[in-house]
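These notes concern the structure reproduced below.
Just so you know, all these numbers are worked out from the coordinates, no wet-lab data involved. In this text, all values refer to a predicted model and were calculated from it rather than measured experimentally. Counting neighbours? That spans all protein chains shown, and the Cβs are built from the backbone with ideal geometry, glycine included.
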Amino acid sequence: MNCAECERISRRKNLVYEDSVVSALLNDKPCTAGHLILLPKQHTTIIEQLPDEIMEHMFIVANKLSVALFDALNCHGTNILIQNGVSAGQKTNHVMMHIIPRIENDGLNFHWQTIKMADEDLTSSQMTLKDEIDNPKEAKKEIKELVQEPELTYEDEEDNYLLNQLERTP
């Protein structure tokens, strides 16, 4: 597998924390001083593929790193960010969590424009999401497997990642 982030983990450059599950590195293209990236050692493209135990561990470590940033850099806050999928700004095919130290008026802007939704649209979205949560596509997938569709394979991990993203796009 040719994953730049897996190679980055193995090089241990800018390493600030490591355990058997994750590595935290100073981002080599930071948006603020002390900007960290937290990567699972298990190669996983998007968080939906990441085992729950690893995701839980990542948040525990992110909290620990956030506290360290407060203490070491005297920052006033942190943003903890996961860009999950191409449409969300994910640039690599490896899950990563950004821990970004913040100070007042640092110029970084994570504000977005809110939209007004009609009550019936909110209710429809709520019902659709509840249905998906209660009856995930895994159940639908089992039915499809009974039909025995041929499995497609991809030679390039990057192609597989991009195709997975297309399949998730509404």
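Quick one: grab the alpha carbon gyration tensor of the stretch 43-146, order the square roots of its eigenvalues as a ≥ b ≥ c, and give me rounded if a/c is under 1.5, else prolate or oblate depending on whether a/b is larger than b/c. Before the final figure, lay out the partial values.
Working: a/c = 2.50, a/b = 1.48, b/c = 1.69.
Note, shape of the stretch 43-146 comes out oblate.
So for Leu108, Leu36, Leu69, Leu122, fewest C-beta neighbours within 10 Å to most, what's the order? Show your work: numbers first, answer last.
Numbers: Leu108 13, Leu36 25, Leu69 22, Leu122 10.
Neighbour counts put them in this order, fewest first: Leu122, Leu108, Leu69, Leu36.
Among residues other than Gln42 whose Cβ falls under 13 Å from its Cβ, what is the net charge (Lys/Arg +1, Asp/Glu -1)? It would help to have the intermediate numbers written out before the result.
Values: positive: Lys41; negative: Glu5, Asp19, Asp52, Glu53.
Residues close to Gln42 contribute a combined charge of -3.
Could you please rank Met58, Met117, placing first whichever residue has the fewest other Cβ atoms within 10 Å of its Cβ? Walk me through the numbers on the way to the answer.
Details: Met58 23, Met117 11.
Ascending number of Cβ neighbours within 10 Å: Met117, Met58.
Pull out the extension gain between Thr123 and Lys91, defined as 0.36 nm times the separation in residues minus the alpha carbon to alpha carbon distance; nm, one decimal.
Numbers: separation 32, 0.36 × 32 = 11.52 nm, distance 3.33 nm.
Between Thr123 and Lys91, full extension yields an extra 8.2 nm.
Each residue of the stretch 74-88 in turn: what ³J(HN,Hα) in whole Hz from Karplus with 6.51, -1.76, 1.60 and θ = phi - 60°, glycine and Pro shown as x?
Taking θ as phi minus 60°, the curve returns 6, 6, 9, x, 9, 9, 10, 10, 10, 9, 10, x, 4, 5, 8 Hz for the stretch 74-88.
State to the nearest 20 debye the size of the charge dipole of the stretch 4-102 about its Cα centre, where the only charges are +1 on K and R beta carbons and -1 on D and E beta carbons.
Approximately 420 debye in magnitude.
If the chain between Trp112 and Glu53 were fully stretched, how many nm would it gain, using 0.36 nm times the residue separation less the Cα-Cα distance?
Details: separation 59, 0.36 × 59 = 21.24 nm, distance 3.12 nm.
Value of the extension gain: 18.1 nm.
How many percent of Cα pairs in the stretch 4-102 exceed 21 Å? Kindly include the intermediate steps, with their values, before the conclusion.
Numbers: 1292 of 4851 pairs.
Distances greater than 21 Å cover 27 percent of the Cα pairs.
Near Ser10, within a Cβ-to-Cβ distance under 13 Å, what is the net charge of the other residues, with Lys and Arg +1 and Asp and Glu -1? Could you put the intermediate results ahead of the total?
Numbers: positive: Arg8, Arg11, Arg12, Lys13, Lys41; negative: Glu5, Glu7, Glu18.
Here the charged neighbours net out to +2.
Consider all pairwise Cα distances in the stretch 44-92 and report the whole-number % of them above 12 Å. All intermediate terms of the calculation are to be shown ahead of the outcome.
Values: 808 of 1176 pairs.
When all Cα pairs of the stretch 44-92 are counted, 69 percent exceed 12 Å.
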